[in-house]
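The values are calculated or read from the model by the stated rules, or taken from the named source; none is laboratory data. Keep in mind that this is a model prediction, so the values were computed, not measured. Here Cβ is always computed from backbone atoms with ideal geometry, including for glycine, and neighbour counts include all displayed protein chains.
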Amino acid sequence: MPAILLTHPDCLIHEMPRHPERPDRLRSVLSALRERGLSSAMNHGLASEIKLNVIEQVHPRSYIDDVLSFEPRQGVSKFESDTYMNPGSSRAARLSAGAVAEATSRILAGESNRAFCAIRPPGHHAEIAAAFGFCLFNNVAIGARVALQDPSVKRVAILDFDVHHCNGTVDIFKDDPRVLVCSSFQEDFYPHRFLDYENQHIINTPLAAGTSSSQYRSLIESTWLRQIETHKPDLIFISAGFDAHRDDPLGEIQLIEDDYRWITEMIVALANIHSKGRIISTLEGGYDLRALGNSAAAHVAALVS
Ligand SMILES: [Zn+2]
């Protein structure tokens, strides 16, 4: 059962002026997967635009309409302080969410037990009814809600190792104990919402600036492992952001490519015990093109092995 790789060239159309979340990020990820022979070993698919009623499992229709109607006919318009839209942005956002929803359905149908969604815009900052931090729709949350519609799925986990906190994912699932959310992030990092939120199924793991690989690994082992083992998720989602890499211009954490291999192997081992091996990973941040490509390749190599 080869792993599934979902992407779409129209995810490149979304473009913001002089912005770190740029189309070259996705090109860099896809070329790194190609160069290492990873994508040729995966079952490729073109994502489809998600239907609006599926987005409505996470975001209210009024918010969805706000996003879709805001798209300019030409030029670029600012949707919120860090998030812009140009002609094609809403298509890219619907393709991104569509990739995660489709990956979820195909994994649950037994077609494979691993999927990677190479998409943009990212999603984990999008709250129930608000865009933040380059994100319009919360892709991973939509996947989790699709999964929970399946009667065989009682619990899922969303593991987020992006250097920024997944405020949107926490907002969406803060009152839903079926969804374990584990987020490691540089402390006090953007967008400063839900950072101190406490609930048994919401695990916030702040990292001091300068956190090293070994410090990171022991923190993750001490804060995530037992929670995941106790939760016994039927399916694991990964919000795979690679901006905690030491070369990333947006963060001050000192991870290297091998740390992404390490954390992915840990998640694979947990999924093999609790989740029938089923993992859906989706691209979030990562803004140094070389570090992003290399780290994503290390992650996907561990994911598909
Ligand atoms: Zn990030």
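Which of the following residues is among the polar types (S, T, N, Q) and within 16 Å of the ligand (Cβ to nearest atom): Ser281, Ser275?
Just a single option satisfies the conditions, and that option is Ser281.
What are the pairs, 6+ residues apart or on separate chains, where a residue within the range 192-214 that is among the acidic types (Asp, Glu) has its Cβ under 7 Å from a residue that is at pLDDT below 90?
Correct list of pairs: empty, since none qualify.
Collect the residues in the range 238-271 that are within 16 Å of the ligand (Cβ to nearest atom) and either closer than 26 Å to Pro151 by Cα or of a type in the set (A, V, I, L, M, F, W, C) (or both), keeping them in residue-number order.
Result: Ile238, Ser239, Ala240, Phe242, Ala244, Leu250, Ile253, Leu255, Ile263.
I'm trying to understand the selection: among the residues of the range 128-183, which are part of a strand (DSSP E or B), within 16 Å of the ligand (Cβ to nearest atom) and touching a Pro at 6+ places or on another chain (Cβ under 8 Å)?
Answer for the range 128-183, where residues must be part of a strand (DSSP E or B), within 16 Å of the ligand (Cβ to nearest atom) and touching a Pro at 6+ places or on another chain (Cβ under 8 Å): Phe132, Cys135.
Count, please, the residues in the range 21-58 that happen to be in a loop (DSSP other than H, G, I, E, B), under 18 Å from the mean Cα position of the chain (by Cα) and in contact (Cβ under 8 Å) with a residue 40 or more places away in the chain.
The number of residues fulfilling the criteria is 7.
Just to be sure I understand the filter: pairs with C-beta atoms under 8 Å, separated by 6 or more residues or on different chains, first member in the range 165-178 and charged (D, E, K, R), second member part of a helix (DSSP H, G or I). Which pairs pass?
So the pair list comes out as Arg178/Leu148.
Determine whether the range 245-254 contains at least one residue that is in contact with a Leu (Cβ under 8 Å, 6 or more places away or on another chain), among the basic types (Lys, Arg) and surrounded by 14 or more Cβ atoms within 10 Å (Cβ to Cβ).
So far as the range 245-254 goes, yes, one or more of its residues are in contact with a Leu (Cβ under 8 Å, 6 or more places away or on another chain), among the basic types (Lys, Arg) and surrounded by 14 or more Cβ atoms within 10 Å (Cβ to Cβ).
In the list Ser184, Ser90, which residue meets the criterion of being touching a helix residue (DSSP H, G or I) at 6+ places or on another chain (Cβ under 7 Å) and surrounded by fewer than 24 Cβ atoms within 10 Å (Cβ to Cβ)?
On inspection, the qualifying residue turns out to be Ser90.
Can you tell me how many residues in the range 68-124 are in contact with a strand residue (DSSP E or B) (Cβ under 8 Å, 6 or more places away or on another chain), more than 16 Å from the ligand (Cβ to nearest atom) and assigned to a helix (DSSP H, G or I)?
9
Within the set of pairs 6 or more residues apart or between chains, which connect a residue that is within 13 Å of Asp24 (Cβ to Cβ) inside the range 275-292 to a residue that is polar (S, T, N, Q) and more than 12 Å from the ligand (Cβ to nearest atom) with Cβ atoms less than 8 Å apart?
Short answer, once both residue conditions are applied: Gly286/Ser295; Leu289/Ser28; Arg290/Ser28; Leu292/Ser28.
Quick check on the range 193-201. Is at least one of its residues of a type outside the set (A, V, I, L, M, F, W, C), over 29 Å from Thr104 (Cα atoms) and within 14 Å of the ligand (Cβ to nearest atom)?
Among the residues of the range 193-201, not one is of a type outside the set (A, V, I, L, M, F, W, C), over 29 Å from Thr104 (Cα atoms) and within 14 Å of the ligand (Cβ to nearest atom), which makes the answer no.
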